[in-house]
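Chemist: Provided herewith is a single structure, encoded as structure tokens, for subsequent inquiry.
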Amino acid sequence: MAKSALDLNYYISISGIVTFKNAEQIRDVVRNMPIDRLLVETDSPYLAPIPYRGKPNEPKYVREVAQFVADVRGIPLEELAEKTTENFYRLFSKAKQYLPQ
């Protein structure tokens, strides 16, 4: 399904489910998909990532998801954050980019 979505020029957003024990297929997608089509999210208020599973999900847990995805890909969190931020602004081109002071 991921290949079909990528063939249609879609982006794929990865949520906290990637951290679950039985999510090896999702981790395979994360390992093999082009980084320029990757996004991360929390899917709040449901499906909190490990170690918060069973609790209400919160947007602040996106860092946990991003760290897990970076680890699966074997890259630093900072690189993943840079790439997924670029992807977000490419996909949502009308969004105003936040520039830290």
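Chemist: Does any residue in the range 65-92 that is on the phi > 0 side of the Ramachandran plot and surrounded by 13 or more Cβ atoms within 10 Å (Cβ to Cβ) come within less than 7 Å, Cβ to Cβ, of a residue that is modelled with pLDDT under 95 and part of a helix (DSSP H, G or I) six or more places away or on a different chain, and which pairs are these?
Modeler: none
Chemist: So, one more: Take Ile50 and decide whether it is of a type outside the set (Lys, Arg) and closer than 22 Å to Lys3 by Cβ.
Modeler: In short, no.
Chemist: Another question, if that's okay. Here are the criteria: (1) within 12 Å of the chain's Cα centre (by Cα); (2) at pLDDT 95 or above; (3) open to solvent by 60 Å² or more (accessible area, probe 1.4 Å). Tell me which single one Ile12 does not satisfy.
Modeler: (3)
Chemist: Further question on the same structure: In the range 51-58, is there at least one residue being within 20 Å of Lys83 (Cβ to Cβ) and either under 12 Å from the mean Cα position of the chain (by Cα) or among the acidic types (Asp, Glu) (or both)?
Modeler: no
Chemist: Let me ask another. If I filter the range 39-50 down to residues being open to solvent by less than 90 Å² (accessible area, probe 1.4 Å) and of a type outside the set (A, V, I, L, M, F, W, C), which single residue comes out as farthest from Gly16 (Cα to Cα)?
Modeler: Pro45
Chemist: Select from the range 51-63 the residues that are open to solvent by 70 Å² or more (accessible area, probe 1.4 Å) and either closer than 19 Å to Phe92 by Cβ or assigned to a helix (DSSP H, G or I) (or both) and write down the one among them that is modelled with the highest pLDDT.
Modeler: Arg63
Chemist: Shifting gears a bit: Confirm whether Val30 is in a helix (DSSP H, G or I), within 19 Å of Glu86 (Cα to Cα) and either touching a helix residue (DSSP H, G or I) at 6+ places or on another chain (Cβ under 8 Å) or of a type in the set (Asp, Glu) (or both).
Modeler: Answer is yes for this residue.
The values are calculated or read from the model by the stated rules, or taken from the named source; none is laboratory data. Owing to the predicted nature of the structure, the values given are computational and were not obtained by experimental measurement. Every residue, glycine as well, gets a Cβ built from its backbone with ideal geometry; the counts of neighbours run over all protein chains shown. The protein model used for the area step is the full one, side chains on, heavy atoms only, and it has no ligands, DNA or RNA in it. Shrake-Rupley method; radii C 1.70, N 1.55, O 1.52, S 1.80 Å.
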